[in-house]
């Protein structure tokens, strides 16, 4: 447990500062938090407060986290930095880590902050200890060289006594043994399971943690000891069908050959009782003969925590879909009433025909049966869409066309709009590139946005309520879908808050719909936000990255531009 920790927080929202302090203290971290909101206060606090760890908001008015990180480097302030942002994409996260940040977190996932702080402080302490050991090792080595040089000069000058020469030689050997002992102690103290490879990939040294790992977990690692060629081990694992072996083999070969500056990967290790997860780091060995240093770190607890978070997120998304089903019940009932009424009427007409055998027209009876089948199929499609929306299962990413997603969910939403005297219009751009996503989750976002817009339009006069679903490409490699209404709009102070968990403007709302939408958008590598139209009403935009590796999927019936004018299916009813 970290007894006391001075934390400097650069954040422009006081509420987030209070939340961060609460999360840290709740996790039994005794912290002294200095909260600053501007660049001058931040630079002054670096010297006056002397923080042990710094939390940076990635984006601030007139300032940003990368600039603050650069200012710390200019002042040679070597403390761990964790970057926090509300909308940090993968590109910005990579930039932050390359700039020197120890970790990065998204504001919706601040529950991970205490663990991230502990890990960053621990890694920093280990790094400082390692640097101190290096300095001590260098000092001992320099002292040893100086002593050897001095003794050699004395021997060359004196050379008067063989006994003295032997004694000096023994003393030098002892110093060398002491130096080797110190080097071995430093090597044994390194964090993780460390092994050293020569240029050919043969293991020439391992620390005690490497040996204990195989004994504690019954992994094959204890068999991979000194004298074993690690490359051959990877090749054997690859031939045995292990998926990660090929990638690890190529990475280690690249580092040994000098074509890669480093290699990092994750892999699984199965034993009789559990499944372990490891992260491997491979860096070049700085010596003329070449080689590499390889570190295996057990990240099983972290991997299990991430899996649990993903499962809970899927449970929460399913709950959101079930909640939406209640709001769509009226529209679904209205859509089912038409085919059921048609089935009843056609069945009665068929019975009437059979009751009068003399006037029975077999051809007409066949048409009646076809109409009944068509009505039943239409009702089945309505129920199928509902079952798909409420399905509870693992997220499946696939190549999707946004226009087809709109086409599948539009009939139910159109009925809901009709029941609320709202004109639902679609403006779908043709030839849109595919995106990679989960169809059910994207449909959930669309149903939620359309339902919210219909609810907002209840404040507008009947006859003027209009809702537009639009798809287009706002920029290269981006695809956007937006829901626009001409209602009263969203108050400016609430534009950002409406996506917060448990925040709702509805009297009966739970405040989870838009929060789930944002989580789904982020898990797809996209973003979602709301803004007011210049004249009236609001628009919510969802942007997703184009999936460059996928070809255009086949168009579904009723997709693209045909959705603008296609009426609901007409079901025949025979009297």
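A few comments on the model shown:
- Members of the range 84-108 that are assigned to a helix (DSSP H, G or I), touching a residue at least 40 places away in the same chain (Cβ under 8 Å) and either under 14 Å from residue 518 (Cβ atoms) or touching a helix residue (DSSP H, G or I) at 6+ places or on another chain (Cβ under 9 Å) (or both): 107, 108
- Looking across the range 37-74, the residues that are assigned to a strand (DSSP E or B) and within 26 Å of residue 127 (Cβ to Cβ) come down to 53, 54, 55, 56, 57, 64.
Residues are listed down the side, and each one gets a yes or a no for (1) surrounded by 15 or more Cβ atoms within 10 Å (Cβ to Cβ); (2) at pLDDT below 50; (3) not in a loop (DSSP other than H, G, I, E, B):
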residue	(1), (2), (3)
514	yes, no, yes
519	yes, no, yes
530	yes, no, yes
534	no, no, no
549	no, no, no
561	no, yes, yes
570	no, yes, no
573	yes, yes, no
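- Filter pass, residue 264 being surrounded by 13 or more Cβ atoms within 10 Å (Cβ to Cβ), touching a strand residue (DSSP E or B) at 6+ places or on another chain (Cβ under 6 Å) and at pLDDT 85 or above: no
- Of all the criteria given as (1) within 27 Å of the chain's Cα centre (by Cα); (2) buried (at least 21 other Cβ atoms within 10 Å of the Cβ), the one not satisfied by residue 413 is (1).
- Residue list for the range 422-444, filter: in contact with a strand residue (DSSP E or B) (Cβ under 6 Å, 6 or more places away or on another chain) and closer than 18 Å to residue 540 by Cα: 422, 423, 424, 425, 426, 427, 428, 429
- All of 150, 205, 146, 167 fail the test of being modelled with pLDDT of 75 or more and part of a strand (DSSP E or B), apart from 205.
- Residue ID - modelled with the lowest pLDDT, chosen from residues in the range 14-26 that are out of contact with any strand residue (DSSP E or B) (no Cβ under 7 Å at 6 or more places or on another chain) and surrounded by 15 or more Cβ atoms within 10 Å (Cβ to Cβ): 16
- The residues on offer are 40, 51, and the sole one that is more than 30 Å from residue 517 (Cα to Cα), at pLDDT 85 or above and crowded, with 19+ Cβ neighbours inside 10 Å is 51.
- The range 243-270: number of residues that are in a loop (DSSP other than H, G, I, E, B) and touching a residue at least 12 places away in the same chain (Cβ under 8 Å): 3
- Options 78, 115, 45: the member that is outside the structural domain of residue 478 (by TED's automatic domain parsing) and out of contact with any helix residue (DSSP H, G or I) (no Cβ under 9 Å at 6 or more places or on another chain): 45
- Every residue from the range 131-165 that is surrounded by 14 or more Cβ atoms within 10 Å (Cβ to Cβ) and under 52 Å from the mean Cα position of the chain (by Cα): 133, 137, 140, 144
- The sole residue among 400, 467, 432 that is touching a residue at least 60 places away in the same chain (Cβ under 8 Å), buried (at least 19 other Cβ atoms within 10 Å of the Cβ) and in contact with a helix residue (DSSP H, G or I) (Cβ under 7 Å, 6 or more places away or on another chain) is 400.
- Residue list for the range 29-55, filter: under 27 Å from the mean Cα position of the chain (by Cα) and farther than 22 Å from residue 100 by Cβ: 29
- Residue within the range 126-134 that is more than 29 Å from residue 181 (Cβ to Cβ) and either in a helix (DSSP H, G or I) or free of Cβ contacts under 8 Å to residues at least 12 places away in the same chain (or both) present: no
The values are calculated or read from the model by the stated rules, or taken from the named source; none is laboratory data. From a predicted model like this one, the values you see are computed outputs, not experimental measurements. Cβ coordinates were reconstructed from backbone atoms using ideal geometry, including for glycine residues, and neighbour counts include every protein chain displayed.
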